[in-house]
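Comments concern the structure below.
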Amino acid sequence: MSTTTTVDRSRKMRSFKHKKPRPVKVSSLDLVHMDTLLPDHELPLVVTPKEPGLKLAGWLAENRDFIEQKLMHHGGVLFRGFDIHTDADFAAFVEDQPYELMSYFEGSTPRKEVGKTIYTSTLFPSNETIALHNEYSSSMRFPLKVWFCSMLPPEPGTGQTPVCSARRMIDRIDASVIDEFRAKGWALVRNFRFGLGLPWQRAYAIDDKDRLAAYLKENLIDFEWVDDEHLRTHQVRSAVLTHPVTQQEVWFNHMSFWHAANLRDGVREELIGQLGRDGLPYHTTFGDRTPIPDDVARHIAQSYLDEKLMFDWQQGDVLLADNMLISHGRQPFSGPREIRVAMGQPYYRPVFTPLVHA
């Protein structure tokens with residue numbers, strides 16, 4: 001072997017030793033594991049970090065378009081095992097989202113604000129079920145995004161937040177019923193009076209009748225003062241909407257939730273006997289004011305139950321829900337349960353005019 005060849009090889013070896021290794025670029029998508037939570041169901045998608053300590057806000061900022069695509073497909077994404085441990089953590093995460101956040105408005109049940117635009121879940125007796133629904137489906141403006149966060153999960157097998165595909169409801173409900181609601185829409189009647197539900201001052205966060213009238217007019221809510229303390233409102237909304245991104249029809253209303261037929265036996269008869277249907281705290285009809293038959297209301301309530309999916313909360317879980325694509329509810333529980341809620345990305349629904357009833 002020549003001396004020249006040995007020297008050249010030695011130089012190459014020394015040069016190789018002094019070269020710094022090039023960093024291997026790892027996609028942030030490689031830092032998480034993704035799979036559906038429930039067998040044979042696409043809802044929800046679950047995202048979990050492969051290593052502890054991954055910051056959810058930072059990871060999501062890098063993958064927002066990807067998660068938006070997944071959200072449109074699945075309807076809900078459950079982030080599990082990230083760095084969310086306290087109310088402050090959840091508030092910081094929500095504030096980092098690039099959407100306008102929304103305060104609680106047009107309230108129907110009590111909640112407590114635990115931070116700016118961060119609320120407790122509905123303060124409703126723990127032994128009661130909250131039926132599946134979409135947030136603010138009776139309002140002209142509603143959030144497209146809803147975040148739920150489990151600060152203190154309930155006992156396993158209780159207190160779940162069931163979810164349901166609003167797209168699948170279109171196929172689940174009888175086609176003739178869907179067609180009638182497409183044509184007529186639905187109407188919500190509310191009666192505000194002392195001792196029954198939230199007072200109007202709290203529901204609308206307004207304490208002046210003139211300001212209340214301006215708000216109701218702006219939001220296409222008819223109203224009358226039955227007496228000085230009894231306010232009755234009436235608002236007509238579409239029952240079926242088209243999602244602005246997926247362009248799919250979704251079942252989006254509170255019709256069966258507030259229909260008298262779906263009140264508990266005994267409670268229904270007592271309230272109607274005392275107040276009449278038109279005097280109930282909540283009452284629903286078709287948008288042309290014709291009655292919705294009890295069997296139709298019960299059929300829709302059963303359709304929700306047939307599509308209902310449930311999972312147990314774990315501490316620190318964050319569920320991102322597209323409010324038009326999925327509905328949610330609450331199962332009964334005993335013991336402690338602390339679920340936080342935030343809402344954002346306001347969307348204004350088209351004005352709906354029902355067919356005139358002949």
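Quick grid of which residues meet (1) part of a strand (DSSP E or B); (2) at pLDDT below 90; (3) β-branched (Val, Ile, Thr):
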| site | (1), (2), (3) |
| --- | --- |
| Val245 | no, no, yes |
| Val250 | yes, no, yes |
| His254 | no, no, no |
| Phe257 | no, no, no |
| Ala261 | no, no, no |
| Arg264 | no, yes, no |
| Glu270 | no, yes, no |
| Gln274 | no, yes, no |
| Asp288 | no, no, no |
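Arg141 meets each of the listed conditions (1) more than 13 Å from Gly344 (Cα to Cα); (2) out of contact with any Leu (no Cβ under 8 Å at 6 or more places or on another chain); (3) of a type in the set (D, E, K, R); (4) modelled with pLDDT of 95 or more apart from (1).
Restricting attention to region 50-71, does a residue exist that is within 22 Å of Gln160 (Cα to Cα) and free of Cβ contacts under 8 Å to residues at least 40 places away in the same chain? Checking region 50-71: not a single residue is within 22 Å of Gln160 (Cα to Cα) and free of Cβ contacts under 8 Å to residues at least 40 places away in the same chain. Of the residues making up region 141-153, those that are under 29 Å from Phe352 (Cβ atoms) and crowded, with 18+ Cβ neighbours inside 10 Å number 7. Scanning region 193-214 for residues that are closer than 30 Å to Leu325 by Cα and surrounded by 17 or more Cβ atoms within 10 Å (Cβ to Cβ) yields Gly197, Trp200, Ala203, Tyr204. Each residue in region 183-216 was checked for being over 20 Å from Ser103 (Cα atoms), modelled with pLDDT of 95 or more and of a type in the set (D, E, K, R), and 4 pass.
As for region 277-291, it holds no residue that is under 30 Å from Arg167 (Cα atoms), of a type in the set (Ser, Thr, Tyr) and touching a helix residue (DSSP H, G or I) at 6+ places or on another chain (Cβ under 6 Å). Are any of the residues in region 180-192 in a helix (DSSP H, G or I) and crowded, with 21+ Cβ neighbours inside 10 Å? Yes, region 180-192 has at least one match.
Whether a residue is without any contact (Cβ under 8 Å) to a residue 60 or more places away in the chain and either of a type in the set (A, V, I, L, M, F, W, C) or in a loop (DSSP other than H, G, I, E, B) (or both) was assessed, and Pro125 passes this test. Are there strands (runs of 3 or more DSSP E) fully within region 1-94 with at least 1 residues that are modelled with pLDDT of 95 or more and exposed (fewer than 13 other Cβ atoms within 10 Å of the Cβ)? List them. In region 1-94, 32-36 are the strands (runs of 3 or more DSSP E) which contain 1 or more residues that are modelled with pLDDT of 95 or more and exposed (fewer than 13 other Cβ atoms within 10 Å of the Cβ). Is at least one residue of region 202-221 out of contact with any strand residue (DSSP E or B) (no Cβ under 7 Å at 6 or more places or on another chain) and at positive phi? Yes, that holds for at least one residue. Applying a threshold of 9 Å to beta carbon distances and a minimum spacing of six or more residues, or different chains, the list of pairs starting in region 289-307 at a residue that is in contact (Cβ under 8 Å) with a residue 40 or more places away in the chain and over 30 Å from His41 (Cα atoms) and ending at one that is hydrophobic (A, V, I, L, M, F, W, C) and not in a helix (DSSP H, G or I) reads Arg289/Ala187; Arg289/Val236; Ile292/Trp186; Ile292/Met255; Ile292/Phe286. Only one of the numbered conditions (1) over 18 Å from Pro293 (Cα atoms); (2) free of Cβ contacts under 8 Å to residues at least 60 places away in the same chain; (3) surrounded by fewer than 21 Cβ atoms within 10 Å (Cβ to Cβ); (4) over 19 Å from the mean Cα position of the chain (by Cα) is violated by Leu231, and that is (3). Selection of first residues in region 204-217 that are free of Cβ contacts under 8 Å to residues at least 40 places away in the same chain and closer than 16 Å to Ser139 by Cα and of second residues that are among the hydroxyl-bearing types (Ser, Thr, Tyr) and surrounded by 13 or more Cβ atoms within 10 Å (Cβ to Cβ), restricted to Cβ pairs under 9 Å at least 6 apart or on distinct chains, gives the following pairs, ordered by first then second residue: Leu212/Tyr204; Tyr215/Tyr204; Leu216/Tyr204; Leu216/Thr233.
The values are calculated or read from the model by the stated rules, or taken from the named source; none is laboratory data. None of these values were measured; they are calculated from a predicted model. A quick note on method: Cβ atoms are made from the backbone with ideal geometry, for glycine too, and the neighbour counts reach across all protein chains shown.
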